[in-house]
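Accompanying notes for the structure given below.
The values are calculated or read from the model by the stated rules, or taken from the named source; none is laboratory data. Quick caveat: nothing in here was measured; it's all calculated off a predicted structure. Here the Cβ is made from the backbone with ideal geometry for all residues, glycine too, and neighbour counts use every protein chain on show. Surface areas here come from the heavy atoms of the whole protein model, side chains and all, with no ligands, DNA or RNA. Shrake-Rupley method; radii C 1.70, N 1.55, O 1.52, S 1.80 Å.
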Amino acid sequence: MEPKKKNITIWLIVIAVVALVILQSTLSGPHTENLTYSEFIDLLNKGKVQNVVLGKETITGTLVSKGLEGILPKAKIEQMKRYGKGQCRFVTARVDDPGLVSQLESAKVQFNGKVENAWSSVLLTWVVPILLFYGLWVFLMRGMGKAQGGLMSVGKSHAKVYVHRSTGVKFDDVAGIDEARDELMEVVDFLRDPWKYRRLGGKIPKGVLLVGEPGTGKTLLAKAVAGEASVPFFSLCGSDFVEMFVGVGAARVRDLFSQAQDNAPCIIFIDELDALGKARGISPVVGGHDEREQTLNQLLTEMDGFDTQKAVIIIGATNQPEILDPALLRPGRFDRKVALDRPDLKGREKILKVHTRQVMVGPDVDLSLVAGRTPGFVGADLANLVNEAALQAARIGKEEIGMADFDYAIDRLIGGLERKSRIMNPKEKEIVAYHEAGHALVAESRPRADHVAKISIIPRGIAALGYTQQQPTEDRYLMTKGELSDRLDVLLGGRVAEEIIFGDVSTGAQDDLQRATDLVRHMIMSYGMSESLGLATFEAPRQSLYLNVWAPSQKEYSEETARAIDTEIRKHLDEAHARVRKTLVEKRSFLESLATLLKAKEVVDRKALDALLVQTQ
Ligand code: ADP
Ligand code: ZN
């Protein structure tokens, strides 16, 4: 619940409680007796009682005001007068006293019985509070429903689903994932003209599973299918079911499917399908997942049960297809899988084009260069990048986004925020400058290594003190042994430079060494790139994550081989170390001038690096 709504709720509860208390007290008048029964009898005997009303539990009445002083304390008389507004009114408990009536008669006191209105009292003490609480409850439930958001109420479960009559997204808005898009083209065709397919007796798709990492555009693609086919788009998120009360999720699924069938042709999109579709029965959490299982069962039932004549397509999205319950993947359910990969260089450029359609981009901007500097970025990252660049341009008062703004945004997204305020001491700065210069210099002197795009010693994020950004000339799916060994050299460049210059090493190279060792291990164990161990691979195939349990990968080789592998890794690393050392010693003067430039400028880009290369040669 939002804080505002919470406040209102608290106030409502307070008001309800206060109202109840007031109601109770006005109903039964003052409960506090101001006379004890013995005082009352005493007053009666002394002829001081004027009239009396006998209630079921209390006796009320008025006293003769004069001559009370000797009998009652002054304070008590005052109090009775206040309560009786001038008259001396009293209240006392009715004690079971059979002689009372005759006593009253003999004292000639006027007395009445009180007819208690049972109805009104029942009404006030029971019915009204119940109504009040019911009202409060209804209000709260409605508030909760609203807080969950959504545009449409589904059935009686008070659950909400997002429904877009028209998503407005077209295939033009989706770039860089052409294969996935082409596969879904067929679904669009079907939704546009279900009859065409039925006439030909074609197999109508029911469920499509989009598999891809977060931000690769799964939701966008599903929306685009709905947009292209101009059909309604129902969407819900698997993780919403996990926290809900038992039974609500299943009801929700039921209602959703019946709504969807009424709106056919249409699309049901289930985001984070893995959250509710995890393989059953082996969850590490003890108890407590009944809700998810119920919801999953309901989903399976609905998928099997719904009328295939109705053109309803269910699109699920997940980034962990391997943990899905196998039942979900059976024929007639999510039997069609479409993979969305991270976009390649061309794909990134296309995505950048899509997202720069709505913003002003300057003439100096080359989107292919931006794409080149953003390997590994997914669609969502690129959208974010364009946004950051636009914000930066606006911040410094520019009319259009320039290349510098893109550079800024890339730096910001890659390394976390620039933290110029973090002051490195001069010694640290010197070490980092030589370290990064070492990486850069080795990269420059290895023809098969990626080109250096930028070197920086501005601390970023938490861990990195500096970085050397290399720009692959193209996206690679295969690498040769030579390329891998050049990459290894670059990784060692930082540490070796520290060794040569300072005769000592810092802790800053830990990550480099980790990555270097991993690289060598892969070269030897997976790719068969070692002479002495030959073409064999030594990695046990990873057990699939079927049923959500990682089987420990077993060693499929002897202790002796293990020792041989260790020796081989050592040897490779030592050889690389020697190679790198040789390079850096030979080019020591360039190493020093690059480090000096870095200390002065903190950032050295490609242009400055080229200028320096020309100067020192
Ligand atoms: P997912 O559902 O895979 O996590 P989304 O579809 O929610 O990713 O992507 C988030 C945003 O990123 C989209 O709204 C869109 O702006 C952008 N985006 C992602 N992939 C692409 C793409 N292939 N083309 C264009 N924009 C994309
Ligand atoms: Zn390093």
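Tally Lys and Arg at +1 and Asp and Glu at -1 over the other residues with C-beta under 12 Å from the C-beta of ILE71: what net charge comes out?
Neighbourhood net charge equals +2.
Report the full-extension gain for the segment HIS522 to GLN510: residue separation times 0.36 nm, less the Cα-Cα distance, to one decimal in nm.
2.5 nm
Kindly rank 206-219, 427-440, 253-266 from highest to lowest mean number of other beta carbons found within 10 Å of each residue.
Details: 206-219: 21.6, 427-440: 23.9, 253-266: 19.4.
Descending mean neighbour count gives 427-440, 206-219, 253-266.
Per residue, how much accessible area does the range 32-116 have with a 1.4 Å probe, in Å²?
Dividing the accessible area of the range 32-116 by its residue count gives 61 Å².
Top to bottom by accessible area (1.4 Å), largest first, where do ARG94, ARG333, ARG495 land?
The residues order as ARG94, ARG495, ARG333, largest area first.
With all protein chains present, calculate the accessible area of ARG192 using a 1.4 Å probe and round the result to the nearest 10 Å².
130 Å²
May I ask you to compute the full-extension gain from GLU322 to GLU399, defined as 0.36 nm times their residue separation minus their alpha-carbon distance, rounded to one decimal in nm?
Length gained, GLU322 through GLU399: 22.9 nm.
Step through the table entries LYS346/LYS601; LYS218/LYS278; LYS46/LYS108; LYS454/LYS571, compare each Cα-Cα distance with 21 Å, and write down the pairs that go over it.
Table pairs above 21 Å Cα-Cα are LYS346/LYS601; LYS454/LYS571.
Pulled fully out, how much extra length does the chain show between TRP11 and THR36, if you take 0.36 nm times their separation in residues and subtract their Cα-Cα distance?
Gain on stretching TRP11 to THR36: 5.0 nm.
With a ≥ b ≥ c taken as the square roots of the eigenvalues of the C-alpha gyration tensor of the range 32-116, please select rounded if a/c is under 1.5 and otherwise prolate if a/b is larger than b/c or oblate if it is not?
prolate
Show LEU391, LEU12, LEU200, LEU352 ordered by accessible area, largest first, where the area counts protein heavy atoms only and the probe is 1.4 Å.
These residues rank, largest area first, as LEU200, LEU391, LEU12, LEU352.
Checking the a/c ratio against 1.5 first, then a/b against b/c, what shape does the Cα gyration tensor give for the range 333-409?
In terms of gyration-tensor shape, prolate.
Take peptides 221-231, 605-615, 480-490 and line them up by average Cβ neighbours within 10 Å, highest first, as a rough protection proxy.
The peptides rank, most packed first, as 221-231, 480-490, 605-615.
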